[in-house]
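Inspection log for the structure reproduced underneath, given as structure tokens.
The values are calculated or read from the model by the stated rules, or taken from the named source; none is laboratory data. All figures in this text were calculated on a predicted structure; none of them were measured in a lab. FYI the Cβ positions are ideal-geometry reconstructions off the backbone, even for glycines, and counts take in every protein chain you see.
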Amino acid sequence: WRPGDGQSETPPPFPSQMVSAVAQLGKAEEEVDALHAQLEARGVNSRGTQDVFGRKFAVPVDGEHKSLCLGPVLFGRGMLKQPHMRAFWAATFGFFCTFFAVFAPAALITWIKESQAQGGLGLTAEELSTAGAAAVGTTVGMRFLTGPLCDKYGARKTMAFLLLTALPGLVVLATAQGADQFTAGRALIGLSLASFVTCQVWCSQMFTKSIVGTVNATAGGWGNLGGGVTLLVMPMVMEGMLQLTGDDRNGQDKAWRLCMLVPGCLCLVATLAVITGRDLPDGNYRELERSGAKQKGSGAKTFAIAASNLNTWWLMIGYAFCFGVELTMNNKSVIYFYEYYDVSKSLAGVLGACFGLMNLFARSWGGMLSDAAMAKFGLRGRLWAYWVVQVAEGFMCLALGLSTVYTPSPSRMRCSPECYTECTDPIFTSRSGDFCVPKYSTDPYAFGDHVTPGDGQNGMFGQYRNEIKYLNRTKTVLYTIISNAAWIKPCASTSIDNPGVGCTNFDATSGLCMSALEELPTDLKKVVVGDYGNDECVRNSGKLVETMVIIVFFSIFVQMAEGLTYGIVPYVSRPALGGVAGMVGAGGNLGAVIGSKAIIANSDYDQGFVVLGMVVLCTSLLFHLLYFPEAGGTLLKKGALGSFSPQLWMPQGDDRGADQLDYSAAEAPSVSRTTSLAPPQSGEDCSEAENGRDVATRM
């Protein structure tokens with residue numbers, strides 16, 4: 001080099017200077033990257049990533065434009081921003097409202113089942129069981145259909161349609177005049193419960209795989225919370241309606257029918273919320289298909305792909321006995337507490353709601369456990385966590401039943417000369433002939449022209465209990481209520497209109513009051529009467545607290561198992577995500593039909609819990625058949641089965657999932673415009689962005 005000849009007089013940098021400049025540039029890029037990572041960890045799209053139409057995302061996204069975060073943006077000003085968080089909350093609220101609607105009748109069942117003379121429909125135990133099974137049974141077929149509909153039309157439109165299907169059912173139920181119409185109404189409302197599938201598909205399409213377990217579990221859990229909230233809130237709504245309509249026969253009849261306005265209004269509001277969302281992070285199905293970025297879906301093909309994957313079937317059976325168990329408990333818990341324990345209708349609703357209310361956090365725990373196991377042990381970690389929690393669920397179900405199954409209840413009494421039926425045993429006992437089923441009619445004099453109630457049957461007049469406290473002592477006075485409304489089975493309870501008077505000296509042998517009737521020392525319009533003469537009865541045994549503790553832990557494991565299930569679903573088949581989610585979800589409702597109609601079909605609830613627990617434990621063994629060639633299974637390592645694949649059939653050609661876009665084919669202003677570095681790849685999450693925090697802090 002020589003100066004002159006038009007060349008710059010400044011000599012080129014020496015190699016050492018170039019190395020220094022490159023090092024400084026590299027350091028600057030690291031600092032910028034660290035700053036991006038820190039901001040993304042707080043839910044900020046600092047890279048300015050945009051969708052295929054040039055719209056900037058409100059949250060940090062991966063290479064497929066799926067959100068990397070949930071927690072940092074779950075609440076606050078950006079919680080409803082398009083598209084990710086709007087979809088999350090719309091999916092959650094929509095599912096919540098369908099759950100609320102489906103189990104609103106179950107929350108009011110203690111009023112609806114009363115005789116028509118008392119303002120109810122006069123439903124028998126068999127009719128209640130049939131209606132409960134219908135409410136969750138119709139969802140089975142609808143969930144099979146919903147998965148392919150999500151793949152073809154999108155989860156958003158499908159969920160809006162399902163929310164609207166609840167409205168005709170609520171109208172039929174509110175105008176029901178008998179058991180058939182009541183069952184038909186519950187069956188129609190039950191169709192909307194397929195919205196669970198749309199909830200899980202929508203969230204899976206919006207959030208990256210590394211956090212999809214937590215996201216699906218949180219959305220599903222808070223949606224399931226509708227079942228607990230309705231059992232808690234609807235009895236209060238009923239009490240409020242009774243204040244307006246009166247608590248006589250006509251008033252009660254109007255009140256429970258007017259209560260159906262509440263779930264109806266919720267479903268309408270949810271429909272509006274859902275329809276304002278976006279199908280995928282980059283836009284709605286139709287606009288993305290027009291742009292060329294998305295393939296047009298085939299519902300039939302995706303269903304065939306899902307159905308030909310063995311893992312779909314194992315997960316379907318597993319979900320039948322976690323989510324199916326939850327639905328069974330939602331149908332049975334209120335009536336279980338009301339019939340077995342000394343509680344009012346409203347309190348039975350509160351106690352029954354406790355099972356569903358665990359969804360506030362427990363299902364999310366399952367998703368978080370699934371994601372944590374995935375991070376530490378890979379997909380096999382998700383599978384092992386799933387099996388362990390499902391087994392714990394089965395043991396808690398067993399414990400619930402075994403805690404009272406050897407105790408007299410409204411469904412069984414100690415074998416004695418007063419038994420008018422054959423003596424039998426509870427399940428799993430070596431004792432012989434301990435119990436018999438009470439022979440009972442709602443009419444005290446149904447078994448012949450006997451002047452003595454109970455002659456030929458095991459019924460009794462219920463008693464109202466009043467405790468008088470003075471000094472350090474408590475005196476209990478029992479008032480026998482001599483009326484058909486107070487005629488109950490041994491060890492049973494019922495809520496009746498306050499009769500005003502009762503007998504404190506009743507002779508069961510003659511069926512007569514041996515003294516003048518006395519005024520009941522209460523101003524309550526409704527009183528609970530029951531069998532206080534047998535200390536062995538479940539209602540008198542003091543087991544309510546023990547039962548509630550078991551139910552809380554039982555519910556926690558049930559909800560966690562549900563969250564763990566849908567932490568695995570997105571890994572089964574990417575091209576058929578909707579189909580897999582639909583089939584697995586349908587399994588949950590199929591399990592509810594089995595639980596409500598076959599296992600706990602009658603009023604012998606605790607024996608049903610024992611059988612249900614055994615079924616859960618046995619079916620959990622099938623989890624060891626789950627196998628993913630790229631990861632393995634619980635007992636098999638990656639590639640242990642050679643070339644075998646659980647996907648038994650796969651069509652030829654380039655079949656992409658509904659959320660897999662070809663950005664290069666999009667006719668749009670931009671595919672992924674950023675202000676700095678490329679967005680993180682799929683599978684990373686915003687928690688990983690903490691690396692380099694110190695460097696970013698120094699900038």
Problem - Pairs with Cβ under 8 Å, 6+ apart, first in segment 532-554 and on the phi < 0 side of the Ramachandran plot, second among the basic types (Lys, Arg) - result: Tyr532/Arg465; Glu536/Arg414
Exercise for the section: Scan segment 402-424 and give yes if some residue there is in a helix (DSSP H, G or I), of a type outside the set (D, E, K, R) and crowded, with 21+ Cβ neighbours inside 10 Å, otherwise no. Expected result: no
Exercise for the section: Determine whether segment 102-111 contains at least one residue that is in contact with a Cys (Cβ under 8 Å, 6 or more places away or on another chain) and over 30 Å from Lys332 (Cα atoms). Expected result: no
Practice task
Taking Glu64 as the residue in question, decide whether it is more than 25 Å from the chain's Cα centre (by Cα) and among the acidic types (Asp, Glu).
Solution key: yes
Practice task
Looking for whichever is crowded, with 21+ Cβ neighbours inside 10 Å, free of Cβ contacts under 8 Å to residues at least 60 places away in the same chain and either in the same structural domain as Gly587 (by TED's automatic domain parsing) or within 30 Å of Phe182 (Cα to Cα) (or both) here; the options are Ala101, Ala91, Ala134, Ala106. Which one fits?
Solution key: Ala134
Handout entry: Subset of segment 631-657 (residues that are at pLDDT 90 or above, part of a loop (DSSP other than H, G, I, E, B) and over 12 Å from Asn311 (Cβ atoms))
Key = Thr634, Leu635, Leu636, Lys638, Gly639, Ala640, Leu641, Gly642, Ser643, Phe644
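Matching residues to (1) more than 15 Å from the chain's Cα centre (by Cα); (2) polar (S, T, N, Q):
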| site | (1), (2) |
| --- | --- |
| Leu517 | yes, no |
| Pro521 | yes, no |
| Lys525 | yes, no |
| Val528 | yes, no |
| Val552 | no, no |
| Val569 | yes, no |
| Ser573 | yes, yes |
| Gly587 | no, no |
Exercise for the section: State whether the residues of segment 28-40 include one that is loosely packed, with under 12 Cβ neighbours inside 10 Å and at pLDDT 80 or above. Expected result: yes
Handout entry: Lone qualifier among Thr10, Thr49 - being among the polar types (S, T, N, Q) and modelled with pLDDT of 85 or more
Key = Thr49
Completion exercise
Residue hits (segment 241-277; within 30 Å of Gln50 (Cα to Cα) and surrounded by 22 or more Cβ atoms within 10 Å (Cβ to Cβ)) are Ala270, Val274, Gly277
Exercise for the section: State whether the residues of segment 525-534 include one that is assigned to a strand (DSSP E or B) and either closer than 22 Å to Gly367 by Cα or touching a Lys or Arg at 6+ places or on another chain (Cβ under 7 Å) (or both). Expected result: yes
Completion exercise
Of the residues in segment 69-111, those that are closer than 17 Å to Leu164 by Cβ and not aromatic (Phe, Trp, Tyr) come to Ala90, Ala91, Gly94, Cys97, Thr98, Ala101, Val102, Ala104
Practice task
Kindly indicate whether Lys81 is more than 22 Å from the chain's Cα centre (by Cα) and either in a helix (DSSP H, G or I) or crowded, with 23+ Cβ neighbours inside 10 Å (or both).
Solution key: no
Practice task
Evaluate the following for Leu357: is it modelled with pLDDT under 90 and in contact with a helix residue (DSSP H, G or I) (Cβ under 6 Å, 6 or more places away or on another chain)?
Solution key: yes
Handout entry: Lone qualifier among Ala101, Ala28 - being within 23 Å of the chain's Cα centre (by Cα), among the aliphatic types (A, V, I, L, M) and outside any loop (DSSP other than H, G, I, E, B)
Key = Ala101
Completion exercise
Note on segment 230-251: residues modelled with pLDDT under 90 and closer than 22 Å to Ser195 by Cβ are Leu231, Leu232
Exercise for the section: Please specify each residue of segment 144-167 satisfying the condition of being farther than 20 Å from Asp282 by Cα and either out of contact with any Gly (no Cβ under 9 Å at 6 or more places or on another chain) or outside the structural domain of Leu266 (by TED's automatic domain parsing) (or both). Expected result: Phe161, Leu164, Thr165
